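Encoded as structure tokens, the structure appears first; notes follow it.
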Amino acid sequence: MNLDKSYFEDEVRDGFYVPSDIKHAWAAQLEVLKDVDEVCRKHNIQYFAEWGTLLGAVRHHGYIPWDDDMDICMKRQDYNRFLQIAEKEMPEGYQLFNINSDKENDNMLTRIISGRTIRLDKAYLEKYNGFPFSVGLDIFPLDFIAPTKEDDDFQCELIKIVNDVAQFGREVNAMDTEATKEILDIFEEHIQKVEQLCGINIDRNKDIVQQMNVLIDRLSSLYTEEESEYITIMAIWVDNRSYKLPKEYYQKSIRLPFENIDIPVPYAYDSILKKKYGDYMKLVHTWDSHNYPFYIRQVDILKTDAGLELWGYHDTYVDYKNYKKLISDRRNINCIRKQISKNNGVKKVVFMPYKASLWYMMDGLWNEYNKKQDVEVKVVPVPYYYKNYDGNAEEYIDTDSYPDYINITSYKEYDYKEDMPDEIIIQNPYDGNNMAGTVHPDYYAKTLALYTDKLTYIPYFKTDEIDENDMRAYRSMYAYVTMPGVIYADEVIVQSEAMKELYVKKLTDFFGDESKEEWNLKIQGYGYKWLDDIKVVSSIYKLSDIWKERLKKPDGSYKKIILYYIGINGFLEYGIDMASKIHRAMDVFMENKDNVVCMLSFEGDMKDILSTEDERLLVAYKDIEDKYRDYIVANNELRVAIEVCDAYYGDASSVAQRCRNDKKPVMIQDVSI
């Protein structure tokens, strides 16, 4: 799978900081999904995105930013077929992990994994995008609920009885000393009860608990699609009789974008997600960081057994203090050199951005310095490289993309070691400690600090303010706080006082309580004053002349733009009612056309999908298309429509989430109104 190098970079999504190691884990999971998808397509095995992967596909067109795993589901018949075929046809190295393969496992699902060991060989790293750890996805079986309450009660009670016996067996196996005869006799009575109820024989020479788990799995699939009306995940249904969905929801699938590929989702995904999460468009962080990310234990194993740490900053506080002494000594020497040279009382300040797209985070401070008569300001973009898994690097060049009002000086023409500016301002904190990219070693923070009186660091990003209980967000701070740019800077300017407190806490946790005052002095929380001044540049100029004319009022100002977005789910789940809803909504927009313009957009290849579903729906869609043709935005124009719109109206979707991220009003439509 070919992914753009920029995909692996640290990124803020929906206000959450996603580290590059997580991005590499995602990329590895996508490779697993690709291989699973190929087998399923070949053998006509139906599968669907499940849980957070389903929510991510609909709301984000990719991973939920604070999620680290991938889930899919299959109806029981497809699930069983896949397990039989996968062992033979999945690419070399894959293994199944479930109750049949591992007696210690009692989860009623299957995890398909890339292997059971950490691998640093070229072939593995090449396939899994530089990610050395075991990676996989979870497959949940969907079972059908008994057609009558009596049958359902009996099935669930039977599963509970067998599960209780399995739990008793686990407790017996976990005893520090050999179980007494009394306990073993009780266990035997329970086993015999299961044998009588289920009409089976339990082999006493094999693992009892594993046999019980296999039996539970068989009992979960007693009923077929033909005789049932509802579908469920039986492990949930046994204890929560509200978790059921009409089987029709899983009869058809549509494919939605997911990161750089697509993934099948149930056509009734809106109803399914409402059942699972309620208002699923509301962002709810997962605060628990236990076993997050999923490979954290493997990281510890690699460190303990092989002494390898593949990313991150690892110096001690003693290392830091020693290097600060070196910086101080060098600055004393530099001071003597500066006294000899003449600078006419002018302060030299050098901004060193590393990507043009991130300049806006420096722009406020640059403007402040640029207005001062006694300050000479230079902007010197530093060389930046994407890392490959094999240690090679590819230079990224975007010097021509900086704003025209900035006078760029090439790093090839500027020698900071000779110039020794009064202040250097950077925005890349990582030095060489990031998996995805690096600035040239000449521009590492540790090196720059030797040749300036003051090294200032401003983050190139802004996150949402972090709740103190959000342990996943706090854990992710290791990737941008305990880094050389923060540690060796003389001043660190972050977005708020609350964020300053978290930076101080994170650094103190890392280096020890004795270091706390140092971070408290150097980190400042007034970055918000420049963030608040960032101007949102209108993107109307990107529109066609026809759209510009349609938007313009007689006085030269522009009308408000409402992006009206219709998902595929709307037509498939609500049918003709969806078409009627669109007509009603468009009538309202037309009645207010002097002040409002609607940009109507449809998800994906709507016409192609409807042509295979229902002739009436296709006719209804074509009628809408013909009637409102002038207001329809093509898929390749959607990005600009999101930029220019003043508000969003329509179906729950990733487009709605992107508008919400841009702080635009979002209203999810109700088809019945």
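Within segment 183-224, the residues that satisfy the criterion of being closer than 25 Å to Gln77 by Cβ and touching a Lys or Arg at 6+ places or on another chain (Cβ under 6 Å) are Gln210, Ser221.
Let's see how each residue does on (1) at pLDDT 95 or above; (2) over 26 Å from Lys325 (Cβ atoms); (3) crowded, with 16+ Cβ neighbours inside 10 Å; (4) assigned by TED's automatic domain parsing to the domain that holds Asp10:
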position: Pro441; (1), (2), (3), (4): yes, no, no, no
position: Ala449; (1), (2), (3), (4): yes, no, yes, no
position: Glu468; (1), (2), (3), (4): no, yes, no, no
position: Met471; (1), (2), (3), (4): no, yes, yes, no
position: Pro484; (1), (2), (3), (4): yes, no, yes, no
position: Leu502; (1), (2), (3), (4): yes, yes, yes, no
position: Thr508; (1), (2), (3), (4): yes, no, yes, no
position: Gly512; (1), (2), (3), (4): yes, no, no, no
position: Gln524; (1), (2), (3), (4): yes, no, no, no
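Restricting attention to segment 629-648, the residues that are loosely packed, with under 15 Cβ neighbours inside 10 Å and within 12 Å of Trp547 (Cβ to Cβ) add up to 2.
Within segment 588-616, the set of residues being in a helix (DSSP H, G or I), acidic (Asp, Glu) and within 23 Å of Glu637 (Cα to Cα) comprises Asp608 only. Scoring Gly56 on the criteria (1) surrounded by 23 or more Cβ atoms within 10 Å (Cβ to Cβ); (2) closer than 20 Å to Tyr267 by Cβ; (3) free of Cβ contacts under 8 Å to residues at least 60 places away in the same chain leaves a single failure, condition (3). Could you check, for segment 375-389, whether at least one of its residues is of a type in the set (A, V, I, L, M), surrounded by fewer than 12 Cβ atoms within 10 Å (Cβ to Cβ), under 38 Å from the mean Cα position of the chain (by Cα) and within 30 Å of Leu310 (Cα to Cα)? Checked against the condition, which is being of a type in the set (A, V, I, L, M), surrounded by fewer than 12 Cβ atoms within 10 Å (Cβ to Cβ), under 38 Å from the mean Cα position of the chain (by Cα) and within 30 Å of Leu310 (Cα to Cα), segment 375-389 yields no hits at all. When the helices (runs of 4 or more DSSP H) confined to segment 179-283 are screened for residues that are hydroxyl-bearing (Ser, Thr, Tyr) and assigned by TED's automatic domain parsing to the domain that holds His60, those reaching at least 3 such residues are found at 269-277. For segment 295-307, a tally of residues being in a loop (DSSP other than H, G, I, E, B) and either without any contact (Cβ under 8 Å) to a residue 40 or more places away in the chain or touching a strand residue (DSSP E or B) at 6+ places or on another chain (Cβ under 9 Å) (or both) returns 1. Residues that are surrounded by 16 or more Cβ atoms within 10 Å (Cβ to Cβ) and either in contact with a Gly (Cβ under 6 Å, 6 or more places away or on another chain) or under 30 Å from Tyr243 (Cα atoms) (or both) do occur in segment 294-314.
Suppose we filter segment 275-293 for residues that are surrounded by 13 or more Cβ atoms within 10 Å (Cβ to Cβ) and either without any contact (Cβ under 8 Å) to a residue 12 or more places away in the chain or farther than 25 Å from Lys387 by Cβ (or both); how many remain? Within segment 275-293, residues that are surrounded by 13 or more Cβ atoms within 10 Å (Cβ to Cβ) and either without any contact (Cβ under 8 Å) to a residue 12 or more places away in the chain or farther than 25 Å from Lys387 by Cβ (or both) number 10. Of all residues in segment 530-551, those satisfying the criterion of being surrounded by 12 or more Cβ atoms within 10 Å (Cβ to Cβ) and at pLDDT 80 or above are Trp530, Leu531, Ile540, Lys542, Leu543, Trp547, Lys548, Arg550, Leu551. Once segment 93-124 is narrowed to residues that are buried (at least 17 other Cβ atoms within 10 Å of the Cβ) and out of contact with any helix residue (DSSP H, G or I) (no Cβ under 9 Å at 6 or more places or on another chain), the residue that is nearest to Lys387 (Cα to Cα) is Tyr124.
Give the residue that is farthest from the chain's Cα centre (by Cα), with candidates limited to residues of segment 442-500 that are among the hydroxyl-bearing types (Ser, Thr, Tyr) and assigned to a loop (DSSP other than H, G, I, E, B).
Filtering first and then ranking leaves Thr452.
Annotation note: of His24, His61, the sole residue that is surrounded by fewer than 21 Cβ atoms within 10 Å (Cβ to Cβ), touching a residue at least 24 places away in the same chain (Cβ under 8 Å) and within 22 Å of the chain's Cα centre (by Cα) is His61. Any residue in segment 351-368 that is touching a strand residue (DSSP E or B) at 6+ places or on another chain (Cβ under 9 Å) and either free of Cβ contacts under 8 Å to residues at least 12 places away in the same chain or assigned to a strand (DSSP E or B) (or both)? So far as segment 351-368 goes, yes, one or more of its residues are touching a strand residue (DSSP E or B) at 6+ places or on another chain (Cβ under 9 Å) and either free of Cβ contacts under 8 Å to residues at least 12 places away in the same chain or assigned to a strand (DSSP E or B) (or both).
Asp315 passes every criterion in (1) within 27 Å of Arg13 (Cβ to Cβ); (2) part of a loop (DSSP other than H, G, I, E, B); (3) among the charged types (D, E, K, R) apart from (1). Residue pairs whose Cβ atoms lie under 9 Å apart, sitting 6 or more positions apart in sequence or on different chains, and linking a residue in segment 196-209 that is basic (Lys, Arg) to a partner that is outside any loop (DSSP other than H, G, I, E, B), are Arg204/Glu188; Arg204/Ile191.
Out of all the residues in segment 237-253, is one or more in contact (Cβ under 8 Å) with a residue 24 or more places away in the chain, out of contact with any helix residue (DSSP H, G or I) (no Cβ under 7 Å at 6 or more places or on another chain), crowded, with 17+ Cβ neighbours inside 10 Å and basic (Lys, Arg)? Checking segment 237-253: at least one residue is in contact (Cβ under 8 Å) with a residue 24 or more places away in the chain, out of contact with any helix residue (DSSP H, G or I) (no Cβ under 7 Å at 6 or more places or on another chain), crowded, with 17+ Cβ neighbours inside 10 Å and basic (Lys, Arg).
Scanning segment 107-128 for residues that are of a type in the set (A, V, I, L, M, F, W, C) and either in a loop (DSSP other than H, G, I, E, B) or over 15 Å from Gln29 (Cα atoms) (or both) gives Met108, Leu109, Ile118, Leu120, Ala123.
The values are calculated or read from the model by the stated rules, or taken from the named source; none is laboratory data. In this text, all values refer to a predicted model and were calculated from it rather than measured experimentally. When we count neighbours, we look across all protein chains shown, and the Cβ atoms used for this are built from the backbone with ideal geometry, even at glycine.
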